[in-house]
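Visitor: Okay, handing you the structure first.
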Amino acid sequence: MKKVFFIRHAKSSWDDFSLKDIDRPLNKRGLRDAPFMATMLVGKGVKPDAIVSSPANRAYTTATYFAKAADIDKQAIIKNIDIYEAMSITVKEIINNLNNDWDTVLIFGHNPTFTSLANSYHEDYIPNVPTCGIVEVEADIEDWKDFNDDTGKRKNFYFPKQYFD
């Protein structure tokens, strides 16, 4: 069994318009949501074998909170530039090339890609994966090369507004 969690970065700040998009940090809500959602996911027994993140500041910072909650050194987070501004097919190719020693992988990235991915693995349409939303997809396979729209099934969808007003 292989599991991937698509995790959209937490809410980012638009306070400094001089920053490049890739450099935008998390805002106050993002700094609240990321550690909360990380603790929630680990509390459900999720033990990632690997964490792969867009190098965008907001995505990588979100990933560090999940790494901390899972007791993984943030230096072990794999930054993959291909996730930043990726199309769904690119993220699917990244999944197909994951190390087969890993059974559970967290991938941190962006919309609209993650909403598109969430809808690739289930008939129930999700109009939007919100910031810090988590989409769990599993496949009864041995090799990541076999992870695709037919084998992957969306199992869970979590987001901060389920827990906060």
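Visitor: Under 9 Å between Cβ atoms, which residue pairs at least 6 apart in sequence (or on different chains) link something in the range 30-47 that is surrounded by fewer than 16 Cβ atoms within 10 Å (Cβ to Cβ) with a partner that is part of a helix (DSSP H, G or I)?
Guide: Cβ pairs passing all conditions: THR39/TYR65; THR39/ALA69; GLY43/ALA69.
Visitor: Check whether at least one residue in the range 20-38 is within 27 Å of LEU98 (Cα to Cα) and in contact with a strand residue (DSSP E or B) (Cβ under 6 Å, 6 or more places away or on another chain), and report yes or no.
Guide: No, every residue in the range 20-38 fails to be within 27 Å of LEU98 (Cα to Cα) and in contact with a strand residue (DSSP E or B) (Cβ under 6 Å, 6 or more places away or on another chain).
Visitor: Can you tell me which residue among THR131, THR61, THR151 is under 15 Å from HIS9 (Cα atoms), of a type in the set (Val, Ile, Thr) and part of a loop (DSSP other than H, G, I, E, B)? Give the steps one after another, and end with the answer.
Guide: Values: THR61 fails: part of a loop (DSSP other than H, G, I, E, B); THR151 fails: under 15 Å from HIS9 (Cα atoms).
One residue alone meets the criteria, THR131.
Visitor: List pairs: first in the range 67-82 and closer than 14 Å to PRO35 by Cβ, second polar (S, T, N, Q) and in a helix (DSSP H, G or I), Cβ under 8 Å, 6+ apart or cross-chain?
Guide: ALA69/THR39; LYS74/THR64
Visitor: While we're here: With the checklist (1) of a type in the set (S, T, N, Q); (2) surrounded by fewer than 19 Cβ atoms within 10 Å (Cβ to Cβ); (3) in contact with a Gly (Cβ under 9 Å, 6 or more places away or on another chain) in hand, flag the one item SER53 doesn't pass.
Guide: (2)
Results for (1) assigned to a loop (DSSP other than H, G, I, E, B); (2) closer than 21 Å to GLY45 by Cα; (3) of a type in the set (Gly, Ala, Ser), shown as yes or no for each residue.
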residue: ASP82; (1), (2), (3): no, no, no
residue: VAL91; (1), (2), (3): no, no, no
residue: ASN119; (1), (2), (3): no, no, no
residue: HIS122; (1), (2), (3): yes, no, no
residue: VAL137; (1), (2), (3): no, yes, no
residue: ILE141; (1), (2), (3): yes, yes, no
residue: LYS145; (1), (2), (3): no, no, no
residue: ASP165; (1), (2), (3): yes, no, no
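Visitor: How many of the residues making up the range 1-22 are over 17 Å from CYS132 (Cα atoms), surrounded by 12 or more Cβ atoms within 10 Å (Cβ to Cβ) and more than 18 Å from the chain's Cα centre (by Cα)?
Guide: Residues flagged as over 17 Å from CYS132 (Cα atoms), surrounded by 12 or more Cβ atoms within 10 Å (Cβ to Cβ) and more than 18 Å from the chain's Cα centre (by Cα) within the range 1-22 amount to 2.
Visitor: What are the pairs, 6+ residues apart or on separate chains, where a residue within the range 1-22 that is over 18 Å from ILE81 (Cα atoms) and in contact (Cβ under 8 Å) with a residue 12 or more places away in the chain has its Cβ under 7 Å from a residue that is surrounded by fewer than 19 Cβ atoms within 10 Å (Cβ to Cβ) and hydrophobic (A, V, I, L, M, F, W, C)?
Guide: Final answer for the pair search is LYS2/ILE141.
Visitor: Tell me, please, whether a residue that is crowded, with 16+ Cβ neighbours inside 10 Å, in a loop (DSSP other than H, G, I, E, B) and of a type in the set (Asp, Glu) can be found in the range 98-112.
Guide: Yes.
Visitor: Name the residue, out of PHE147, PHE157, that is closer than 17 Å to LYS3 by Cα, touching a strand residue (DSSP E or B) at 6+ places or on another chain (Cβ under 8 Å) and touching a residue at least 40 places away in the same chain (Cβ under 8 Å). Let's see the steps before the verdict.
Guide: Numbers: PHE157 fails: touching a residue at least 40 places away in the same chain (Cβ under 8 Å).
From the options PHE147, PHE157, the qualifying one is PHE147.
Visitor: For PHE114, work out the one condition from (1) farther than 30 Å from ARG29 by Cβ; (2) under 12 Å from the mean Cα position of the chain (by Cα) it doesn't fulfil.
Guide: (1) is the only condition that PHE114 fails.
Where a number appears in this text, it was derived from the coordinates with a stated rule and is not lab data. Please read these numbers as outputs of a predicted model, since none were measured by experiment. A quick note on method: Cβ atoms are made from the backbone with ideal geometry, for glycine too, and the neighbour counts reach across all protein chains shown.
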